[in-house]
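Engineer: Before anything else, here's the structure in question.
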Amino acid sequence: MKIRARIAKGEAVRFISHLDLVGAVEKAVRRAKLPVALSEGFTPRLKISFASALALGATSEGEYADFELSEPLAAGEFSQRLNKELPPGIRILAAQPVADNSPALMAKVVAASYQVEGMVTNADEVSLASSWDKFLQQPEIIITKTTKRKTDQVDIRPLIIKAQFYPNDIYHWELLLATGQKGNLRPEQLLQAFFAFAHVQGEVSRIHRTNLFIERWGQLVSPLARLRLPDEVGEV
């Protein structure tokens with residue numbers, strides 16, 4: 001049996017790494033004495049697989065993990081027992097059984113939605129909104145991506161699925177960006193490219209991931225979606 005859970009990472013734990021988040025969940029599973037299966041080998045590990053890792057400093061209400069169980073357990077009881085043992089700031093929001101042969105979440109997730117706040121010191125709301133529209137109208141948006149092995153010039157325009165800007169007292173963006181094995185764009189990468197395009201001094205102050213999405217029926221849907229419902233389609 002396999003249970004898929006949606007997990008929140010709140011303000012209290014925003015500065016813990018993805019590995020620390022995984023470790024906290026594993027410890028809670030053991031304390032709750034949940035029947036999560038173990039891998040084989042000299043160092044058995046709990047069979048828990050997470051989806052896309054969240055950047056350090058970000059909060060989320062859309063983290064997902066699959067838990068492979070060694071015996072049947074109702075999803076409601078699973079969530080209740082695990083929530084009692086999780087540290088403040090980490091919580092199971094929803095859970096449901098999925099097919100035992102379901103593909104790994106990391107291989108299926110294709111997009112992520114975010115709410116982002118930022119500050120700009122040398123531009124007014126009107127000019128910034130105009131620059132944002134012009135920025136998105138570009139056929140290509142080239143950024144430099146550097147890894148341990150190489151530096152590449154990457155066109156991120158195809159990775160921007162939806163992007164809305166709200167120039168209020170605190171500048172606010174709602175973003176739907178590609179993530180996963182076929183392409184990955186982080187909110188801070190997009191906004192740094194925008195600040196450079198607009199010739200402004202900007203800073204990202206808060207990133208909150210609202211959900212992850214897989215592709216089903218030609219639509220972006222939640223990894224917990226069972227039916228093709230309008231409120232499960234990838235909107236931000």
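Rule-based calculations on the coordinates, nothing more; no lab input. Every value quoted in this text rests on a predicted model; they were computed, and no experiment measured them. Here Cβ is always computed from backbone atoms with ideal geometry, including for glycine, and neighbour counts include all displayed protein chains.
Engineer: Is the C-alpha gyration tensor of the stretch 79-119 telling us rounded, prolate or oblate? Criteria: a/c under 1.5 is rounded; beyond that, a/b larger than b/c is prolate, otherwise oblate.
Structural biologist: oblate
Engineer: Under the 0.36 nm per residue contour assumption, what length would be gained going from the current alpha-carbon distance of F42 and K148 to full extension?
Structural biologist: The F42-K148 span can extend by a further 35.1 nm.
Engineer: With an 8 Å Cα cut-off and a minimum separation of 6 or more residues, compute the relative contact order for the stretch 108-232 in percent.
Structural biologist: Once divided by the residue count of the stretch 108-232, the mean separation gives 39 percent.
Engineer: Sorting S222, S60 on the 10 Å Cβ count, fewest up front, what's the list?
Structural biologist: S222, S60
Engineer: For the stretch 108-232, what class follows from the C-alpha gyration tensor (a ≥ b ≥ c being the square roots of its eigenvalues): rounded when a/c is under 1.5, otherwise prolate if a/b is larger than b/c, else oblate?
Structural biologist: Oblate is the answer for the stretch 108-232, as a/c is 1.5 or above yet b/c matches or exceeds a/b.
Engineer: Starting from one equal scatterer on each C-alpha and no solvent at all, send me the Debye-based log10 I(q)/I(0) for the chain at q = 0.07, 0.10, 0.17 Å⁻¹, two decimals.
Structural biologist: Once normalised to I(0) and log-transformed, intensities are -0.26, -0.53, -1.26.
Engineer: Further question on the same structure: Largest first and in whole Å, give the semi-axes of the stretch 2-102's equivalent ellipsoid, each being the square root of 5 times a Cα gyration tensor eigenvalue.
Structural biologist: 21, 15, 13
Engineer: Right, something else. Compute the relative contact order of the chain as a whole-number percentage, counting only Cα pairs closer than 8 Å that sit 6 or more residues apart in sequence.
Structural biologist: 24 percent
Engineer: Moving on to the next point. Eigenvalues of the Cα gyration tensor times 5, then square-rooted: what semi-axes does that give for the stretch 162-220, in whole angstrom, largest first?
Structural biologist: 25, 14, 10
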